[in-house]
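In what follows, a single structure is set out as structure tokens and then discussed.
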Amino acid sequence: MSLKGYVFSLMKQEVYDIAVIGGGPVGMFTAFYASLRHVKTVLVESLATLGGQVTALYPEKTILDVAGFSGIKGSAFITELDKQLHLFPVDIKTETTVVNVEQTGELFTVTTDIGEPFQAKKVIITTGKGAFEPRKMQVDGVDELVGQGVHYFVMHKQDFANHHVAIAGGGDSAVDMATMLNDITRSTTIIHRRDNFRAMEQSVLALEQSTVIQETPKKISHIEKQKNGQLKITLAQVKDNDIVNNIVVDDLIINYGFISESKTIQGWTIQPEISGQVFKVNQEMQTSVPGVFAVGDASHYPGKSDLIAIGFGEAPHAVNAAIRQFDPQRGGPGHSSSMVLTDGKLK
């Protein structure tokens, strides 16, 4: 391409003030807050729908640690975030993977697997730890039973009504799943390798006060599909693998957490400094690449906790810092309580 053609192609590219990459809960709120500050914003998400892990992995789970909600189902939480996101104009690109981000003068050129590249003055990464998949159970034959009584995801809890259900795992998701399903199942059993659960204290207390059967400290050594469709689960001692007992259930939900990877981001031209799988940031949530920010589970600093509530606090910080860089005259944001919303517009 000639220099003239290259310059012309750049002139045709859409230019945004802020590009938010990643459409999980924190990405949705980041894009909303940028639109609240009345800057031209685009939100890019590789999945078909917004909501990230909440939508894809635990839409039925009750979320307890976000301010303003005494307890809200994951899917309802994303619905509320989506309503908020659409209060002001935001370009939303779903089923779109960012394959490259490179610096072009004072702008960043964002290339995706769909359509023409676009440019942004600043970039905020909200991808979490990258693409995710469930951590698999290492028991012979279990993979062949997925969809036949063995589950890694719970999309509709009513699918388990009046069933005998076992849940393998001991973290927040497993404990919350057990207490949530126990209201509608014929019986619920949680299987964990340790005596103590690795969940929020109140979640563990709710489990202790429920009728959920606790098989601890034990591990699953064998699963057998029976003629009537039920699963015979053999439990063993963790230390010596000696068989302890068997239980028979209709469904086994495996909840060992998820494995994340960021291979797509590793192929970008810009490569901010990382810590593990996420980006090191300063007090303004800026990475080692000026103009590129990271919030939520995509960011790291000393003392960081990977909670949605933390990401919600980081989002305005990053947006405000980004605006100060490309428009220093605007100053800081006003309080939202002083803004008047009329027909979807700020007055």
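Taking every DSSP beta bridge that has both residues in segment 16-129, what percent is antiparallel when rounded to the nearest 5? Provide the component values of the computation, followed by the final result.
Details: 11 of 23 bridges.
So the antiparallel bridges in segment 16-129 amount to around 50 percent.
Counting only protein heavy atoms and a probe of 1.4 Å, the accessible surface of the chain is 50% carbon and sulfur. Rg and Dmax of segment 166-273, both derived from C-alpha coordinates alone, stand at 17.4, 56 Å. Its residues counted as N, segment 97-228 yields a C-alpha radius of gyration over 2.2 N^0.38 Å of 1.52. Each semi-axis of the equivalent ellipsoid for segment 92-161 is √(5λ) with λ an eigenvalue of the Cα gyration tensor; in descending order they amount to 40, 14, 11 Å. In plain terms, if you count all Cα to Cα distances in the chain and split them into 20 Å steps from zero, the share in each step is 28, 48, 22, 2 percent.
Look at the alpha carbon pairs under 8 Å that are at least 6 residues apart: their mean separation over the length of segment 209-259 gives a relative contact order of 27 percent. On a per residue basis, segment 160-215 carries 47 Å² of accessible surface, using protein heavy atoms and a 1.4 Å probe.
In this view, the solvent-accessible surface of Lys280, computed with a 1.4 Å probe and all protein chains in place, comes to about 80 Å².
Lysine pairs in segment 154-306 whose alpha-carbon atoms fall under 19 angstrom of each other, counting only those eight or more residues apart or on distinct chains, come to 6.
Based on the mean of other beta carbon atoms within 10 Å per residue, what is the order of 98-104, 253-259, most packed first? It would help to have the intermediate numbers written out before the result.
Numbers: 98-104: 16.9, 253-259: 19.1.
Per-residue Cβ counts within 10 Å, averaged per peptide and sorted highest first, yield 253-259, 98-104.
Dipole orientation for the chain: of the candidates Pro134, Asn320, Ser187, Asn320 has the Cα lying most toward the positive pole (charges on Cβ; Lys, Arg +1; Asp, Glu -1). Taking every alpha carbon pair in segment 25-131, what does the distance histogram look like in 5 angstrom bins from 0, in percent? Using 5 Å bins, I get a P(r) of 2, 11, 20, 22, 20, 13, 6, 4, 1, 0 for segment 25-131. Coordinate range of the alpha-carbon atoms in segment 181-241 per principal axis, descending: 39, 33, 13 Å. When the Cα positions of Val150, Phe69, Ile92 are compared along the charge dipole of segment 20-160, Phe69 comes out farthest toward the positive end, with charges on each C-beta of Lys, Arg, Asp and Glu. Roughly how tilted is helix 3-12, in degrees to the nearest 10 and between 0 and 90, from the longest Cα axis of the chain? So the helix axis and the longest Cα principal axis differ by about 70 degrees.
Roughly how big is the chain's charge dipole about its Cα centre, with Cβ charges of +1 (Lys, Arg) and -1 (Asp, Glu), in debye to the nearest 20? Working shown, then result.
On the way: 31 positive and 38 negative charges, 102 e Å.
Around 500 debye, computed over the chain.
The values are calculated or read from the model by the stated rules, or taken from the named source; none is laboratory data. Here the structure is a predicted model, which is why all the values come from computation and not from measurement. Cβ sites come from the backbone with ideal geometry, for glycine too, and all protein chains shown count toward neighbours. Side chains included, ligands, DNA and RNA excluded: accessible areas come from the protein's heavy atoms. Shrake-Rupley method; radii C 1.70, N 1.55, O 1.52, S 1.80 Å.
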